[in-house]
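Read the figures in this text as sums done on the coordinates, not as results from a lab. Computed from a prediction, not measured in an experiment: that's the story for all the values here. Every residue, glycine among them, receives a Cβ derived from its backbone with ideal geometry; neighbour counts consider all protein chains shown.
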Amino acid sequence: MSDDERTQNPDTPSYDDPAGGWGSMKGIARLVGMERPSPGLVQTLLRMNKPEGHMCTACAWAKPADPHSVEFCESGAKATVWDLTEDRCTPAFFEQHPVSELLGWSDRDLEAVGRLSHPLRYDADSDRYRPVSWASAFDEIATELRALDPESVVFYTSGRAALEVSYLFSLFARVYGHNNLPDSSNMCHETTSVGLKQVIGSSVGTCTLDDFEHCDLVLFFGQNTGTNSPRLLNPLHKAVKRGCKVATFNPVREQGLIEFADPKNPLHMATNSGTRISDVYLQVKPGGDLAALTGLCKHVLEIEAVDGGVLDRPFIDEHTDRFDELEQHLLGTTWTAIEQASGLSRGNLEEVARLYVGASNVIAFYGMGLTQHVHGSLNIAMLVNLLMLRGNIGRPGAGISPVRGHSNVQGQRTVGISEKPALVPLDTLASMFEFEPPRHTGRNATETVEGLLDGSVKGFVGLGGNFARAIPDQGRVDPTWASLSLNVQIATKLNRSHLLTGRATWLLPCLVRAEEDRQESGPQCVTMEDSLSHIHGSIGKRTPASDQLKSELAIVAGLAEATLPANRTRDWQGWTADYARVRDLIERTYPDDFARFDERKFTPGGFFRGNAARERQWQTDTGRAHFTSPDRLSALDRPLANGDYTLITLRSHDQFNTTVYGFSDRLRGLEGSRDIVLINPDEIARAGLSEGQRVTLHGASDDGHERCVSGLRLVAYDLPDGCVGAYYPETNALIPIGLHDRVSKTPAYKGTPVRIAAEG
């Protein structure tokens, strides 16, 4: 890292142009040329994120009530191009390629084969997937499910599945007999769902888009906006233009929060220039956000002691508890310890604290840089502490805002995808559908992996996603899939999870959101919830990739009807024929959140389902928001041993979660291979290594298991001392399943100790 943590190290790669702008246009054009999407792409993109249009399948960022004529970003366009490719993965492809061969293909090459076109069953004798009828698939899978103990079966959900199918999938699981409903949130923002709820009584953020009109300061912690949620840059850019300040904390200098060129701005495009976003950008050490936040809070109290009138005493007295404990904790924490744990100077932290004190309304955004740590829950609680010192929760222009990834990952939890029975109105479901729901806690994603390792998981039904690649400890887990009695994968494209076959394995192809979903009552609408708790309807218009495809809802309902005993209250065929009937069920189950659901589904900007903490109603154990006093200054599991580094897993700019579109990490100035390790030049020299050298990363956790990823090339990069960066999911094998947030069990993808060994 450079001597001043606020500036780029000039001797390492970087991207000199603004995020957005012509770079985004070229990125989209390159993928269009490679994928040859079906006709109608432009019309689909122009309908995206608008009322009665098609909701983007990439990130979960909000959709404005008054959308621009072009209301999509590079990430969303790439996801749509990827979905609408003209390439097809047909039964003929599998005749040419046995599964054992495909296991050697890269993640990108597997998905690039194209859209799955037919339902398939794995034939072990030939080591190939073979076509099967839908009726046979449903009946055979149902037979397998009925033969298994429901507690040994897991129903996993990727974050793209709409509210309607998510509701039915969770109902299917509970009538079948389990609460084993892990989803992708368990691997990213479960720390939010648990940790945030503990301190303010809400499992989701408190902000809406309107708050951007009133904020004076925006804080970012551990979130790569330019790659993972580029549309957030539009309201942020407008706020900056009217004078709002921005301070960013991230180990990696991410261009989206440094400079942004609006592709819809003629001046930006004509001059290839942009707007400076962050006034202060501090490269905090991995795990050091907790110390940095402690320093910010400490200096706020120091300013209060000198000037007075800084703390919002009425808010603290009326709405919070345990402030005195936090005050004593801050007074007893030294600046030396804060600087050492954060990797930041006292002066820079005091500068941000002064910005905070000088701002009337503050929004704090955060991503997986806070959540994916062993003590990630402490990170979130400390961020809440900072906001509450000046009453920055529950008023216009202020609040806390976790930035979600998948387009409906938050909404799925809202309608019942949860392993925690306390979060689901089980008595209501029991009355509506005449069954006794299971009342004990099911498996989350981490516990599912543990069940694969110890053999207690016997069946897996995956609604989208690439679970086998997204999870930690891949090297240990991959062989265990062969012992499953049942593996069912509902998907749009081929991925590695489909190749880890069990005794009986099916691959069931589904529509993408941009395609027309026509059922007995006509074209169907689906809905999803964005990061700011607004509900949006979506209608696809494109011709399906194959006449053999079914919607996710039709597949789930077909499996449920074939598996479960008939009951007059459970009309799976009728619900498939008309999704409005499913929305009526959601409204009956969650009347406070979904009043007049079907009537309001196309509300411009979505309809807000409400948030008690936004109204300063604290649904906690005491009815007040809690200040907390952490017992440490680092979110890491333990201090690094001599010669160890903290691994941060990263997603490239040419990637969405486990989907890899290509090999350009443009916004970091990196091109080509993903088999690289990023490390600062001084660390390379101290280790006696050289840039470009091939190395192996070894896991440094003391749990008795050997973990390594080989064939990686060292790249000098602007990072703090003591850490390395490498791509997800390629280095997930280094993340121990036992290394996770202590409260939520979110894996520590941003805080795993590793060692470097030279090869050759």
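The modelled label-to-label distance for the pair THR603/SER710, using points 7 Å beyond Cα in the direction of Cβ, is 5.8 nm. Multiplying each eigenvalue of the alpha-carbon gyration tensor of segment 190-406 by 5 and taking the square root yields semi-axes of 27, 18, 18 Å, largest first, rounded to whole angstroms.
Based on other C-beta atoms within 10 Å, arrange LYS238, LYS285 from fewest to most.
On the way: LYS238 14, LYS285 24.
In increasing order of surrounding Cβ atoms, one gets LYS238, LYS285.
Axis of helix 579-589 versus longest Cα principal axis of the chain: the two differ by about 60°, to the nearest ten degrees. Note on SER14 and LYS26: their simple-model spin labels are 1.8 nm apart, each label 7 Å out from Cα toward Cβ.
Legend: ranking of residues ASP139, ASP307, ASP665 from fewest to most surrounding C-beta atoms inside 10 Å; resulting order ASP307, ASP139, ASP665. Rg/Rh, computed from the Cα trace of segment 645-758 with Rh as the Kirkwood radius, has the value 0.96. Among THR225, THR563, a tally of other beta-carbon atoms within 10 Å of each Cβ gives an order, fewest to most, of THR563, THR225. Placing +1 on the Cβ of every Lys and Arg and -1 on the Cβ of every Asp and Glu, with no other charges, gives the chain a dipole of roughly 1080 debye about its Cα centre.
Amide hydrogen proximity for LEU116: with H placed 1.01 Å from N in the peptide plane, the residues at 5 or more positions away or on another chain lying under 5 Å are CYS89, LYS493, LEU494. Taking Cα atoms only, the orientation of helix 289-307 departs from the longest principal axis of the chain by about 40 degrees. For segment 275-312 versus segment 116-171, the spacing of their alpha-carbon centroids is 50 Å. Here, the chain has an Rg and a Dmax of 24.9, 78 Å when only alpha carbons are counted. Look at the dipole of the chain built from charges on Cβ: of SER202, ALA687, VAL70, the Cα furthest out on the positive end belongs to VAL70.
A straight line joining the Cα centroids of segment 210-235 and segment 419-457 runs 35 Å. Reducing segment 568-644 and segment 684-760 to their Cα centroids gives an inter-centroid distance of 34 Å. Sketch the reach of a paramagnetic label on ASP703 as a point 7 Å from Cα along Cα-to-Cβ, and name the residues of segment 736-760 whose backbone nitrogen lies under 17 Å away. Only 736-755 fall inside the zone, counting backbone N under 17 Å.
Computed over the chain, relative contact order equals 22 percent, with contacts defined as Cα pairs under 8 Å that lie 6+ residues apart.
If the chain linking GLU101 and THR441 were pulled fully straight, counting 0.36 nm for each residue of separation and taking away their Cα-Cα distance, it would gain 118.5 nm. Here the gap between ASP307 and SER673, fully extended at 0.36 nm per residue and compared with their Cα-Cα distance, gives a gain of 126.4 nm. Packing order of peptides 612-620, 227-235, highest average first: 227-235, 612-620 (average count of other Cβ atoms within 10 Å over each peptide's residues). For segment 190-406, a simple Cβ point-charge model (Lys and Arg +1, Asp and Glu -1, everything else neutral) yields a dipole of about 760 debye relative to the Cα centre. Given contacts defined as C-alpha pairs under 8 Å and at least six residues apart, what's the relative contact order of segment 190-406, whole-number percent? It rounds to 33 percent for segment 190-406.
Once you order the gyration tensor axes a ≥ b ≥ c over the Cα atoms, which shape class does segment 546-641 get: rounded for a/c under 1.5, otherwise prolate or oblate by comparing a/b with b/c? It is prolate, given that a/c is not under 1.5 and a/b is the larger ratio. Of all DSSP beta bridges located in the chain, what percent are antiparallel, nearest 5? Antiparallel: roughly 40 percent of the beta bridges in the chain.
Using only side-chain charges placed at the Cβ, +1 for Lys and Arg and -1 for Asp and Glu, the dipole size of segment 645-758 relative to its Cα centre rounds to 200 debye. The angle separating the long axis of helix 376-389 from the principal Cα axis of greatest extent in the chain is about 50 degrees. In the chain, a dipole from Cβ-located charges (positive for Lys and Arg, negative for Asp and Glu) runs towards its positive end, and of GLN617, PHE172, SER521 it is SER521 whose Cα lies farthest in that direction.
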